[in-house]
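Asks: I am attaching a structure below and will ask some questions about it afterwards.
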Amino acid sequence: QAISISKAINTQEAPVKEKHARRIILGTHHEKGAFTFWSYAIGLPLPSSAILSWKFCHVLHKVLRDGHPNVLQDCQRYRSNIRETGDLWGHLHDRYGQLVSIYTRLLLTKISFHVKHPEFPAGLEVSDEVLEKTAGTDVNNIFQLTVELFDYLDCELKLSESVFRQLNTSMAVSQMSAVQCRLAPLIQVIQDCSHLYHYAVKLMFKLHSCLPADTLQGHRDRFNEQFRSLKNFFNKASDMLYFKRLIQIPRLPESPPNFLRASALAEHVKPVVVIPEEAPEDEEPENLIEISTTSTTEPQVTSDLFDQTFGPPNGIRDDRDAQIESLKKEVDMLRAEMEKIKLEAQRYITQLKAQVNSLEGEVEEQRKQKQKALVDNEQLRDELERLQKVKLESDRSQRLCAEAEKKANATEIRYTKLKEKHSELINTHAELLRKNADTAKQLTVTQQSQEEVARVKEQLAFQVEQVKREAEMKLEDQSLQMEQLRQELEARREELEQAQNSLSHAKQTGAELSSQVESLQAEKEVLRRSVSEKECELLSTRGLIQEKELQLNQEADKATREIHELQGRLLEKSNQEQSLQQKLLDEQFAILQETVREAEDILRDAVAKLDDPLHVRCTSSPDYLLSRAQAALESTDTLENGHAQYVASMADAAGLVGALALFAHLTADTIVNGSATSHLAPTDHADR
């Protein structure tokens, strides 16, 4: 693995050979992890070469995709190394450096996604059932997973766009090694993008079945933008000769899926990427151990010439030479047979892959037909339900009509009955009025007789009341006498009972006092014994307390010593921190000084171009000069703000460095364009 890593990750501007990457990947499966890979990768001088860092990212991408599953956890431990490499090259204006910065962001996103979702392997090959299980039924989880897939796909597409932007040439240059060095990692990007696109389509359809269309407008806009970028990427890669012999790129549909129509899911075809197994011509087997044969060939040639000229020693040919020749012939024959077997195996593999592709196409067609049948079935079921509802509504309306007719008949019958009752009531009312007049006359006569009876009753009642009062007064006097006698009898009885109780209580108290004295003596003895025991326990506890005090004193001394040591370490750490902060300030000031020198050199170079005879033929428009001059004047404000910020806080020089670079660039551009504009004006105006 060390040899393969050194040959795969080097400073040569050429693509990584597949045989070296394959050996590194097989090594991860052999040791069930990427410990060996990272032990060598940490020692690589990545900050010294952008090409070395680019090829390291390419190999790491291949190891993550095709290596052992434990590789992901090993790479998680080295996230900081990957991030530092990307940050370093992101600050430098190097063509490969910018690509390395984007590639490291992609790798960090890939590691984070697969650590968070272990159901997705790093190769991104999962079935639709696993995708459904991972998404679940919670709308929030589906929404979050879709956003993470979009972020993942954005990183992949950004890398491809950056690579194609740097190429900026025709397709024929894809056969150059320098171009292939940039294009080689896009094979893994194509493999990732095909799976991510398929999963995003599935989850978008699932989201649209759960949420209203207006809520997902942002998701649809983002997906359509990614679809256009991915289609453009696949079309450009399909037209390049370099990719045609290494990978079969799928074709995307002309327009993105319509998520507002649920039946459009049946029209979606999963993009399948096929990588042929034929090894490129430059990938011939080589020895894992380098054997130097230069020292042995020359003596062997001279000995063969000597034997051909003079014959073998003593005229006898050694049997070992014949055996060696026969073994060489057998080895050559076996090699030829091995090559034939390899060719046949590769042919069988390609045939089987073609069969697999055809079967997958048939499966996709059957799945489409199944989806269409399901859609038709759902439509027929909806139509049947609609007809059943119409039938039920018609039956209900018929029943309502029959009930209304019945109610109308019943109301007519009730109306006739009410008429009859009304006439009867009128007749009875007239009879009652006549009877009322008769009874009124009788009532006046009876009222007069009742008044006389009432006066007689009142007189009798008054007499009865007087008799009752007299009887009640006599009864009250007799009851008071009875109560007094009864109370005297109760008092006598209570005195007798108290005397009896006092006599019995006197007898009981004598016995109780004697028993109490005996119990008090017994308690006194028990208390004496307990006091003696408590004194013994007190003595023992005093000894234990003294021992504990000694231990506590020793521990306190030890704690004070440790506190003094920690305080000393803290002082050392604070001194180190102050020195590091001072060093950081010095380095920032040095960077600022270099930036100022560079800005001064840029302006000197721009002023020198005024007298350059080659610059006389350059021209520019006055409007463009005014726009550049306005931009240069605006940059002075940012320069003053950056300087004020740096004076206020010497630890933050980022704003001043950026403002210096912008000011130098715009001012130099204004000087050069001013000179170019003066070439179009008359001589007097031009000098002024």
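Asks: Pull up all non-local amide H partners of Val274: gap of 5 or more, or a different chain, and H-to-H distance under 5 Å with H placed in the peptide plane.
Replies: Gln248
Asks: Mind jotting down a quarter of the surface of the convex hull over the alpha carbons of the range 124-277, in square nanometres, one decimal?
Replies: Computing the convex hull of the Cα atoms and averaging its projections yields 9.5 nm².
Asks: To the nearest 10 square angstrom, what accessible area does Ile42 show with a 1.4 Å probe?
Replies: 90
Asks: Right, here's the next one. Provide the net charge surrounding Glu424, with neighbours chosen by a C-beta distance below 13 Å and charges set as Lys +1, Arg +1, Asp -1, Glu -1.
Replies: Value of the local net charge: +1.
Asks: Still on this model: Starting with the highest mean, order 625-638, 579-592, 152-165, 540-553 by the number of other Cβ atoms within 10 Å, averaged over the residues of each peptide.
Replies: Highest mean packing first, the order is 152-165, 625-638, 579-592, 540-553.
Asks: Tell me the carbon and sulfur percent of the accessible area for the chain, rounded to whole percent, probe radius 1.4 Å.
Replies: Summing carbon and sulfur atoms, their accessible area is 56 percent of the total for the chain.
Asks: Ok, one more. Which of the DSSP-defined H helices in the chain satisfy a minimum axial length of 15 Å, computed from C-alpha atoms, and a minimum mean Kyte-Doolittle hydropathy of 1.0?
Replies: 654-678
Asks: How much accessible area per residue does the range 124-277 have, counting only protein heavy atoms and a probe of 1.4 Å, in square angstrom?
Replies: 45
Asks: Follow-up. What does the accessible area per residue of the range 1-108 come to in Å², with a 1.4 Å probe and no ligands, DNA or RNA counted?
Replies: Here the per-residue accessible area is 45 Å².
Asks: Could you bin all the Cα-Cα distances of the chain into 10 Å bins starting at 0 and give me the percent of pairs in each, rounded to whole numbers?
Replies: The calculated distribution, bin by bin, is 2, 7, 10, 11, 11, 9, 8, 6, 6, 6, 6, 6, 5, 3, 2, 1, 0, 0, 0.
Asks: Hey, if you put +1 on the Cβ of every Lys and Arg and -1 on every Asp and Glu Cβ in the range 1-108, which of Ser4, Leu108, Pro45 ends up farthest toward the positive end of that dipole?
Replies: Toward the positive end, the furthest listed residue is Ser4.
Asks: More than 17 Å apart: what percent of Cα pairs in the range 611-679 qualify?
Replies: The proportion of pairs with Cα distances above 17 Å equals 50 percent.
Asks: Related question: Place the peptides 368-374, 195-201 in order of packing, highest mean first, counting for every residue the other Cβ atoms within 10 Å and averaging per peptide.
Replies: For the peptides 368-374, 195-201, the packing ranking is 195-201, 368-374.
Asks: Hey, how many Å between the Cα centroid of the range 573-632 and the Cα centroid of the range 111-173?
Replies: Value for the Cα centre distance between the two parts: 41 Å.
Asks: Hey, another quick one. Per the helix-only calculation at 222 nm, which mean residue ellipticity applies to the chain, given -39500 (n - 2.57) for every DSSP H run of n ≥ 4 and division by its residues, nearest 500 deg cm²/dmol?
Replies: So the helix-based figure for the chain works out to -28500 deg cm²/dmol.
The values are calculated or read from the model by the stated rules, or taken from the named source; none is laboratory data. The model shown is predicted, which means the values in this text are computed figures rather than measured ones. Don't worry about glycine lacking a Cβ; one is built from the backbone with ideal geometry, like all the others, and counts go over all protein chains shown. Side chains included, ligands, DNA and RNA excluded: accessible areas come from the protein's heavy atoms. Shrake-Rupley method; radii C 1.70, N 1.55, O 1.52, S 1.80 Å.
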